[in-house]
Amino acid sequence: MILLTLSALCLTDVWAAVLVLEERPQGQRAEGYLSVLRDPSGRLDFDQVRERSFTPLAGQVGFGFTRDAIWLKLDVHENAGAVKPDNGHWWLEVALPSLDDLRLYVPDADGHYQMTRSGNHQPFTERPLAHRLFLFPLKLPGPGTYSLYLRVSTGDSLAVPVRLWGSQSLRERIANENLWLGISYGIILGMLIYNTFLWSVLRDSLYGFYVITCLTSLMVILELNGHAYQYLWPTNLWLADYQHVLLPALHFIALSWWTRRFLDTLRQAPVFDLALRTIMLAALGMIALAIAGQYSLGNQLAFWVGATMTLLIFVATLRVLWRGYRPARLFLLAQFAPLTGALVTLARALGIAPDALWAEHAFQTGVSLEMMLFSLALAQRIELLRQEKQQAQQRAETDPLTGLFNRDGLLRRVNDLRDRQTPYALMVVDLDHFKPVNDQLGHEAGDAVLIAVAERLRALVRAEGDSVARIGGDEFVLILRGITQEADAGVVAAKLLKSLASTIPTPAGEARIGASIGMALAPTDGQQLSRLLQPELFIKKGESRLTN
């Protein structure tokens, strides 16, 4: 009991300590030096507050969702000569840009207190310093110890991260911070512009969903950092207040829609698809609450909707990945980026991670990486779809037994050569004595003969430009690109007849077949496949009808 009492006294001494103002590169955090007074009615004036007792605070200054007005007291001490005239004065920073109303009371030389007001319920132009965060000048009367009072109220989750700065260190901090923020914004903008261009060229709706998701993600980051109010609507107090509900709601809708389309959850994971649709309805409910003036309720709903959506997307991605959908790997990796950033930001707030700019802005860096990985996943998905389409087209244009073109594949090849105005010779090869092979040796032997013929035809044509097709049971077609003389085609035909004259081994024994070959020249004899395959064309060119 005695130890507990002594510990409490020691802690009280720490809490009651005075913050000695010093010029430090990272500023001075006020945690451990603050005392608090809660005003549930929100009606206490400054004189009444000064007469009340404050309760010392330790650690982070967070109060969650509350309607109370929070009064904070901070005792600071300025040493003689601590601030030179050319260095200006001290600054008090509240690093949470979503707070509605802040009032700082600072003593003057006469012992009276001067009040400076800021917050999202004030036009941005009325801030003491045009900055995304709340910065108050501390014009102290001179060396000595002073009590500062800060009143904060908001409809959002209430936290008051207070830091004291010297003028020089604050300027350096803002410059470095702007560079870091510019890089993060630049990455997201780059992804946005690049994929917008692809959307306009490819006309693929999936790019459109990505672009909208990227845009809403950028808007949320701007809102969280305070830049949306600073640059987009600095005089619109309604948007300054309700942006914390409206922008996340729009992002929840866009991200859920993008996830559904990218992962094809309607087909791959229908239960999760229904859950994500519910998330979208809840986000619409957030917008309705904002329009109805229920800001606090909408803000609390945003927390639960966001947490639920994150979990749903994670599990849905695992489900689709388990089913073998390769682009889901990058999609899953992308979700770890903002989560890791949020954990680093939390670790910094708890004093585990270093108090550095990269740790402070780790979450938005994670969001930037998420958008990059989403873009890579989208590119991989598009490539996979292209390959699947190409493979489907190949299957539709390929003879399953021999692997040669079928009639559809032959038609596409002829049309391509016609469009390119490329001359070619077309040979029709009819197998002789093939029916007896089927009748005497069986269909398995017949299939072996057809496969062997296909291999011999492939061996006779050039690897590049020429084509071989099977358009009937025992009917094959060769396209010899660039051949314009019948005599040249005849040389190939003679080699072909010689090749087919040799016996063909089959499971039922050796088979011997022959072939009849007809020729046509394009574009001399025609350009349409139907015309080039006309029997009378070969009869007319009787000298081209070769038989072994």
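The values are calculated or read from the model by the stated rules, or taken from the named source; none is laboratory data. Only a predicted model underlies this, so the values are computations on that prediction, with no experimental measurement involved. Cβ: placed from backbone, ideal geometry, glycine included. Neighbour counts: every protein chain shown. Areas reflect the complete protein model, heavy atoms only, side chains present, ligands, DNA and RNA absent. Shrake-Rupley method; radii C 1.70, N 1.55, O 1.52, S 1.80 Å.
Structure above, values below:
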quantity	calculated
Pair list, Cβ < 6 Å and 6+ apart or interchain, from the stretch 291-316 residues that are farther than 17 Å from S217 by Cβ to residues that are surrounded by 18 or more Cβ atoms within 10 Å (Cβ to Cβ) and β-branched (V, I, T)	G298/V245; N299/V245; A316/T265
Total residues in the stretch 471-483, condition open to solvent by 40 Å² or more (accessible area, probe 1.4 Å), of a type outside the set (D, E) and not in a loop (DSSP other than H, G, I, E, B)	1
Helices (runs of 4 or more DSSP H) within the stretch 198-273 that include 2 or more residues among the aliphatic types (A, V, I, L, M) and closer than 30 Å to V315 by Cβ	205-225, 237-263
Complete set of residues in the stretch 254-285 that are open to solvent by 30 Å² or more (accessible area, probe 1.4 Å) and among the β-branched types (V, I, T)	V271, T278
Identity of the residue in the stretch 20-30, open to solvent by less than 40 Å² (accessible area, probe 1.4 Å) and either modelled with pLDDT of 95 or more or not in a strand (DSSP E or B) (or both), that ends up nearest to K73 (Cα to Cα)	A30
Helices (runs of 4 or more DSSP H) lying entirely in the stretch 305-399 (those with 2 or more residues that are surrounded by 18 or more Cβ atoms within 10 Å (Cβ to Cβ) and of a type outside the set (A, V, I, L, M, F, W, C))	328-349, 362-396
Cross-chain or 6+ apart pairs with Cβ under 6 Å, the stretch 482-506 first and farther than 14 Å from Y424 by Cβ, then open to solvent by less than 70 Å² (accessible area, probe 1.4 Å) and modelled with pLDDT under 85	A493/L546; K495/L460; L496/L460
Criterion violated by N195 - all others in (1) part of a helix (DSSP H, G or I); (2) more than 16 Å from A377 (Cα to Cα) satisfied	(2)
Considering residues of the stretch 42-80 that are over 15 Å from S153 (Cβ atoms) and free of Cβ contacts under 8 Å to residues at least 12 places away in the same chain only, the residue least open to solvent (accessible area, probe 1.4 Å)	Q48
Test result for V453, β-branched (V, I, T), assigned to a helix (DSSP H, G or I), modelled with pLDDT of 90 or more and crowded, with 21+ Cβ neighbours inside 10 Å	yes
Counted residues, the stretch 191-231 - those being modelled with pLDDT under 90 and among the charged types (D, E, K, R)	2
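Residues checked against (1) free of Cβ contacts under 8 Å to residues at least 12 places away in the same chain; (2) over 24 Å from L232 (Cα atoms); (3) of a type outside the set (A, V, I, L, M):
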| residue | (1), (2), (3) |
| --- | --- |
| H131 | no, no, yes |
| P141 | no, yes, yes |
| G155 | no, no, yes |
| Q168 | no, yes, yes |
| R171 | yes, no, yes |
| E177 | no, no, yes |
| S184 | no, no, yes |
| Y194 | no, no, yes |
| L198 | yes, yes, no |
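Here's the yes/no breakdown for (1) under 46 Å from the mean Cα position of the chain (by Cα); (2) modelled with pLDDT of 90 or more:
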| site | (1), (2) |
| --- | --- |
| W71 | yes, yes |
| A80 | no, no |
| H89 | yes, no |
| M115 | yes, yes |
| G119 | yes, yes |
| S153 | yes, yes |
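Residues checked against (1) farther than 15 Å from S256 by Cα; (2) open to solvent by 60 Å² or more (accessible area, probe 1.4 Å); (3) over 21 Å from the mean Cα position of the chain (by Cα):
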{"position": "T213", "(1), (2), (3)": "no, no, no"}
{"position": "L218", "(1), (2), (3)": "yes, no, no"}
{"position": "L224", "(1), (2), (3)": "yes, yes, no"}
{"position": "H227", "(1), (2), (3)": "yes, no, yes"}
{"position": "L232", "(1), (2), (3)": "yes, yes, yes"}
{"position": "T235", "(1), (2), (3)": "yes, yes, yes"}
{"position": "W238", "(1), (2), (3)": "yes, yes, yes"}
{"position": "D241", "(1), (2), (3)": "yes, no, yes"}
{"position": "L246", "(1), (2), (3)": "yes, no, no"}
